[in-house]
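Nothing in this text is a laboratory measurement; each read-out follows from the coordinates by a stated rule. The shown structure was predicted, so the numbers you read here are calculated from the model rather than taken from an experiment. Here Cβ is always computed from backbone atoms with ideal geometry, including for glycine, and neighbour counts include all displayed protein chains.
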Amino acid sequence: MQGCRGAGEDEGDEEAVRSWGFPKWSNCRGDEEAVRSWGFPKWSNCRGDEGDNQFPIAPFPIAPNPHSLRSRGPRVPHSQFPMPHSQFPIIQNSTFKTMDSKEEFQQFFAACVGNWATERTYHYLTHQEVERSHTEFVIQPITTERKAQVLSDNQYPDNSNLEVLPGYHLEFTTVSEKGEKVNQSLNMLFVPQMEEGLILLGDYLRDRAYEESRPIVSHFSFNPETRELLMTTTYTRVVSVDSINLVNPKLRIRKIFNYRRPAEGEPLQELALVGFGVEHKQN
């Protein structure tokens, strides 16, 4: 093409060009009837004819071509555009359901209730050792009385909403590849405190900790979009960051990062242990 000349003038066969649905062009002046069949005004020297710039009006609207703002065919009445702005949805009046972080939090734990089996791998970075283990565990809801006992064991303030707070009994058996066996059981309670956007934050209480055999208060965050529960526990010598990602009601991914406890106010930097587990629901 040269300048504004169209394909029909250069060297393309006129009928071939028309078979593609394009009007015949001549110095950017289209055949008037062909151009009008596309819904465009009459063109003159690459500029619209100001005296004839209205699209044909149809007695009823049609769906616009999604690939073109000016699709072939009749137009929506009283508009030069296939869809007037008034027909676009208004977001604030949308009927889409707003995600409720607390509701998602309850559903997360409802899916976790039951019997699970997990294969885990632990990397001890302090002495370059890799250990594999198999764990079977069961999670069951606890009564309001047991929830109150977990609060008391941790000298935590009373809560009037104990019935709705997620509280569970965990019992597990772990067998390492070396044949070492560990059994443990504990009660846990989650007390939401605040929301930052969609992220739910709060305290995570146990009547017996994993690393140390004593009641302990940890902190948690829950992301309802990714269904990830992140728990951070400060022990005497280490800080444990434990992640549970609920992929679906029958599959969880577990990640554990144990850092050497830094001085007060210092960031977590030195990793002592990294664990990874794939957990499958058994019932």
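Observations, loosely collected:
- For residue 208, residues with placed amide H under 5 Å, excluding near neighbours: 187, 216
- Label point distance in nm, residue 121-residue 160, each placed 7 Å from Cα along Cα→Cβ: 5.1 nm
- Violating pairs (Cα-Cα greater than 23 angstrom) within the set 102/250; 178/250; 181/255: 178/250
- Each residue of region 261-266 was assigned a 3J(HN,Hα) from its phi angle through the Karplus expression (A = 6.51, B = -1.76, C = 1.60, θ = phi - 60°), giving 5, x, 5, 3, x, 8 Hz with x at Gly and Pro.
- Charge tally for residue 246 (other residues, Cβ to Cβ under 11 Å; Lys, Arg +1; Asp, Glu -1): +2.
- The residue 219 and residue 182 beta-carbon pair, evaluated with R₀ = 30 Å, returns a calculated FRET efficiency of approximately 0.75.
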